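See structure below.
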Amino acid sequence: MRKAIVQGATAWIMWLACSVGQAHEFSFARLVYEGTEWDDWPRWQADWPEAEQHFSQGLARLTAVDVAPDGVLVRSNSEEVFDYPWLYAVEVGSLSLSGQEMQQLRQYLLRGGFLMVDDFHGQYEWQHFEQIMSQVFPKRRIQNLADTSELFHVFYDMSEREQIPGMRALMNNRTWEKGGRNPRWRGIVDDAGRVMVAINFNQDLGDAWEHADDARYPALLTTQAYRLGINYVIYAMTH
């Protein structure tokens, strides 16, 4: 555990050093949060930094968006969160936020921010995430997103989608983990119908991005993960 903490601190310093002075239209912003008490490593680090590096390269290549080559790390208790229109949170089945952090996240989303959550699976992790979001938005319910949602059509037509699995599951001849067999695309919307939170449940887009250059990961699934992520970014930047 100590080794993981030291490595994380070193990576953080290097990441900040690389990001200073960059001015781009879009930066992949990853939410850094405290994990639940049973965690033995910082789960916000899953697939980092390869996932954002690969995805940012694809976003720059496939769209006209001016994309920073490296992502940024944004702490959940920092007001820097308001500097980024699109925020990525991974392993949210172990997400832990203080009351102040919940209030800040709520303000971020109501002011026009967009949160993409990814890589959590099974009923236990869903219940934990749902409980956290019910405190962020006590009066807003999580809903299944219809195939006709603009989120799935703003850049690529994503009417049909498949479950995006993690690499470890694939190596065990499965597309699911922790009992989460059925993929779900859910969201939380504001009063105008804008999707504020895009929820990828029983899926792992980050792994598909991280392993985009690995021949063991199916190219068709990587392509879908890129297209879905790009839709999320374009939606966030235009809504």
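The values are calculated or read from the model by the stated rules, or taken from the named source; none is laboratory data. Remember, predicted model here, so these are calculated numbers, not experimental data. Here Cβ is always computed from backbone atoms with ideal geometry, including for glycine, and neighbour counts include all displayed protein chains. Surface accessibility is based on the protein's heavy atoms, side chains included, excluding ligands, DNA and RNA. Shrake-Rupley method; radii C 1.70, N 1.55, O 1.52, S 1.80 Å.
Considering segment 89-116, the residues that are in a strand (DSSP E or B) and open to solvent by less than 20 Å² (accessible area, probe 1.4 Å) include one that is farthest from Q127 (Cα to Cα), namely F114. Within segment 167-211, being of a type in the set (A, V, I, L, M) and either under 21 Å from R106 (Cα atoms) or out of contact with any helix residue (DSSP H, G or I) (no Cβ under 7 Å at 6 or more places or on another chain) (or both) holds for A169, L170, M171, I188, V189, A192, V195, M196, V197, A198, I199.
Within segment 160-176, the residues that satisfy the criterion of being touching a residue at least 40 places away in the same chain (Cβ under 8 Å) and either of a type outside the set (A, V, I, L, M, F, W, C) or within 27 Å of W86 (Cα to Cα) (or both) are R161, E162, Q163, I164, P165, G166, M167, W176. The C-beta contact set for segment 177-200 (first residue over 14 Å from H121 (Cβ atoms), second residue open to solvent by 50 Å² or more (accessible area, probe 1.4 Å), distance under 7 angstrom, 6+ apart or interchain) comprises G187/Q143; I188/R140; D190/L110; R194/H239.
Matching residues to (1) touching a Lys or Arg at 6+ places or on another chain (Cβ under 8 Å); (2) of a type outside the set (A, V, I, L, M):
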residue	(1), (2)
R161	no, yes
I188	yes, no
I199	yes, no
L205	no, no
W209	no, yes
I230	no, no
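Residue pairs whose Cβ atoms lie under 7 Å apart, sitting 6 or more positions apart in sequence or on different chains, and linking a residue in segment 131-142 that is over 14 Å from R186 (Cβ atoms) to a partner that is in a helix (DSSP H, G or I) and hydrophobic (A, V, I, L, M, F, W, C), are Q135/M102; V136/M102; V136/L105. Among the conditions (1) open to solvent by 10 Å² or more (accessible area, probe 1.4 Å); (2) not in a loop (DSSP other than H, G, I, E, B), the only one that K178 does not satisfy is (2). Applying the selection to segment 128-167, what residues are open to solvent by less than 90 Å² (accessible area, probe 1.4 Å) and among the basic types (K, R)? Listed by number, the residues that qualify are R140, R161.
Residue-by-condition table, conditions (1) touching a helix residue (DSSP H, G or I) at 6+ places or on another chain (Cβ under 6 Å); (2) closer than 21 Å to A212 by Cα:
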| site | (1), (2) |
| --- | --- |
| E50 | yes, yes |
| S56 | no, yes |
| R61 | no, yes |
| D70 | yes, yes |
| D83 | no, no |
| Y88 | no, yes |
| G93 | yes, no |
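Any residue that is within 18 Å of Q53 (Cα to Cα) and open to solvent by 20 Å² or more (accessible area, probe 1.4 Å) - is there at least one of those in segment 183-190? For segment 183-190, residues within 18 Å of Q53 (Cα to Cα) and open to solvent by 20 Å² or more (accessible area, probe 1.4 Å): absent. Taking each residue of segment 206-233 that is in a helix (DSSP H, G or I) and looking for partners that are among the hydroxyl-bearing types (S, T, Y) with beta-carbon atoms closer than 7 Å, six or more apart or interchain, yields A208/Y217; A208/T222; R227/Y156; I230/T63; I230/Y156; N231/Y156. Scanning segment 76-90 for residues that are at pLDDT 95 or above and under 16 Å from the mean Cα position of the chain (by Cα), we see that the one that is nearest to V233 (Cα to Cα) is W86.
The set of residues from segment 63-88 being aliphatic (A, V, I, L, M) and in a helix (DSSP H, G or I) comprises just one member, V81.
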